[in-house]
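First comes the structure, then the notes that go with it.
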Amino acid sequence: MSLGFGSKIFIYKLATFFQLVLHFNIIMKMENNEKDFSPQESLQVIQAMIDTTRNSFGDSSPYFLLWGWAVMIACLGQFVLLSINYPDNFISWLCIIPITLVIHFVMLSRKAKKEKVKTFIGEATGYLWTALGLCFSVFPIIFSKIGWQYCLPFYIMIYGVGTFVSGKLINFKPLIYGGTGCFILAAVTPYLPYEYQLLLAALSLLISYIIPGHMLRSFNRKTKL
């Protein structure tokens, strides 16, 4: 369990560092505009930017739901195939992930045409998920060499990093709690057989992507009313 606790502390400090850097950039912008702000006014500006980013980030909830449901179904599909001793049990991934990637990039291109407002926090969140996307791209190369039976704790950990840091940046607790849950599950996963690791991976997606994704979408709709 020390791995989960240590990872939680590390990601908390990382999120805090992100916020400090962003707050510093905001203050520098204010100074460049030669306008005096009181500490209270500065905090109000920062909070307004966080609220703006949270609202715009709510438009990204379909990505959480898309990948959450797709990968969870792939995990459960492989679990079922393993339980019936189907030899090519990884076929659930080969069927689901390519289709999900196509849908993802179609959604991304449509969003890029509509997006007009950018904030420091929004850009930082974008950089975070770009880096995590690169991790997901490199993982197949690594695990095809060392063995796929070791992959799930790392994937669950990355789910936690993305959702925890995003939750801290936009101050959205369901993402923070979901990310924290992923760190705990990642610490437990290596002690189980691979087929049961798949169930924990599915659970991690439920608590970090699917439930927060639905809550984020609901929150976004309420703010637009």
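Readers should treat all values here as calculations from the given coordinates under stated rules, not as data from a laboratory. For clarity, every value in this text was computed on a predicted model and none was experimentally measured. FYI the Cβ positions are ideal-geometry reconstructions off the backbone, even for glycines, and counts take in every protein chain you see.
Return the FRET efficiency for the residue pair Ser109, Cys135: r is the Cβ-Cβ distance, R0 is 25 Å, and the value is rounded to the nearest 0.05.
Values: r = 22 Å, r/R0 = 0.90.
The calculated FRET efficiency here is 0.65.
Please give the contour-minus-distance gain from Leu101 to Ile146: 0.36 nm per residue of separation, less the Cα-Cα distance, rounded to one decimal in nm.
Numbers: separation 45, 0.36 × 45 = 16.20 nm, distance 2.48 nm.
Contour length minus Cα-Cα distance gives 13.7 nm.
Taking the Cα centre of each part, how many Å lie between the range 137-152 and the range 159-195?
So the two Cα centres are separated by 20 Å.
Would you list Phe120, Phe64, Phe90 from fewest to most Cβ contacts within 10 Å?
Numbers: Phe120 20, Phe64 26, Phe90 15.
If I rank by nearby Cβ atoms, fewest first, I get Phe90, Phe120, Phe64.
Once phi is turned into ³J(HN,Hα) by the Karplus curve 6.51 cos²θ - 1.76 cosθ + 1.60 with θ = phi - 60°, what whole-Hz value does each residue of the range 98-105 show in order, with x for glycine and proline?
For the range 98-105, the Karplus curve yields x, 5, 5, 4, 4, 4, 4, 6 Hz.
So what are the ³J(HN,Hα) numbers for the range 78-89, from phi and the Karplus equation (6.51, -1.76, 1.60; θ = phi - 60°), rounded to whole Hz, Gly and Pro as x?
Taking θ as phi minus 60°, the curve returns 5, 4, 5, 5, 5, 5, 9, 6, 6, x, 9, 5 Hz for the range 78-89.
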